[in-house]
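Have a look at the structure below, then the notes.
The values are calculated or read from the model by the stated rules, or taken from the named source; none is laboratory data. Just so you know, these numbers come straight off a predicted model, no measurement behind them. Note that each Cβ is placed from the backbone with ideal geometry, even for glycine, and that neighbours are counted across all protein chains shown.
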Amino acid sequence: MTVRAFEMQLTPGQAAEYRRRHDEIWPELVDALRAAGVRDYRIFCDEDTGRLFAVMHLTGEHTVDVLPEHQVMQRWWAYMADLMETRPDNSPVEVPLMPVFTLSAEADDASC
């Protein structure tokens, strides 16, 4: 399993709308993410700064690097572009984060 973590930035005052849109995420986008090997995807928000922190757990044979080519991904980016910092193609500006510490439950489970 591969883990990717990154930050994104909301436009000021957009945290509630960002949450609302994700609460209504399109089923076809969920299908595309799952088909690409996304097994767990979490986004956290610092509402004071609008900073988003995302963590994706990916299968070993994931294809998330081709998701930008999918029409549903491009439509989602266009839908979200008014809420956050984006590139000219509407993709969110993502700042990769370097892992510095992991505490895994697998070690605890092994002793049971």
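For the reader, a short list of remarks on this structure follows.
- Residue under evaluation Thr102, criteria (1) over 20 Å from Ala5 (Cβ atoms); (2) modelled with pLDDT under 95; (3) of a type in the set (Val, Ile, Thr), criterion not met: (1)
- Looking across the range 86-104, the residues that are touching a residue at least 24 places away in the same chain (Cβ under 8 Å) and part of a loop (DSSP other than H, G, I, E, B) come down to Val93, Glu94, Leu97, Pro99.
- Residue within the range 60-72 that is over 23 Å from Trp26 (Cα atoms) and of a type in the set (D, E, K, R) present: yes
- Of the residues making up the range 1-45, just one is hydroxyl-bearing (Ser, Thr, Tyr) and exposed (fewer than 14 other Cβ atoms within 10 Å of the Cβ), namely Thr2.
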